[in-house]
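Participant: Just dropping this structure here.
The values are calculated or read from the model by the stated rules, or taken from the named source; none is laboratory data. Predicted model only: the values in this text are computed from it and were never measured. Positions of Cβ are generated from backbone atoms using ideal geometry, with glycine treated the same way; all protein chains shown enter the neighbour counts. For accessibility, only protein heavy atoms count, side chains too; no ligands or nucleic acids. Shrake-Rupley method; radii C 1.70, N 1.55, O 1.52, S 1.80 Å.
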Amino acid sequence: MTTNHDPQLLGAYALGVLDEPEARAVEDHLASCPRCRAEVAELREMRDVLGEVPPEALLDGPPEDGDLLLRRTLRQVRAERGGQA
């Protein structure tokens, strides 16, 4: 199996979701392809950064309890600021 610079296969590899034969094929390809190694490194970096994003940031629109969440967040911010308005 050859990856032929397949970005979907490289993305799946970076996420660790390929089966063992596919992963080995990608690793064999990466051994001789600096372009794909660099792309996998970037994909892993992006994965790590996105892993730090709270799930709420990925919502499409406000959550159902958005008003309650907003009030709690404002209360927390005010508490952290020492009660200043």
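Participant: For region 38-56, give me each residue that is open to solvent by 80 Å² or more (accessible area, probe 1.4 Å) and more than 17 Å from Gln8 (Cβ to Cβ).
Facilitator: Glu45, Asp48, Val49, Leu50, Glu52, Pro55, Glu56
Participant: Of all residues in region 28-58, count the ones that are of a type in the set (Ser, Thr, Tyr) and assigned to a helix (DSSP H, G or I).
Facilitator: Result for region 28-58: 0.
Participant: Among the residues of region 71-85 satisfying the criterion of being more than 25 Å from the chain's Cα centre (by Cα) and open to solvent by less than 100 Å² (accessible area, probe 1.4 Å), which is modelled with the lowest pLDDT?
Facilitator: Gly83
Participant: Within region 57-70, track down each residue that is open to solvent by less than 100 Å² (accessible area, probe 1.4 Å) and charged (D, E, K, R).
Facilitator: Selection gives Asp65 alone.
Participant: Are any residues in region 17-29 open to solvent by less than 60 Å² (accessible area, probe 1.4 Å) and free of Cβ contacts under 8 Å to residues at least 24 places away in the same chain, and if so, which ones?
Facilitator: Residues satisfying the conditions are Leu18, Glu22, Ala23, Val26.
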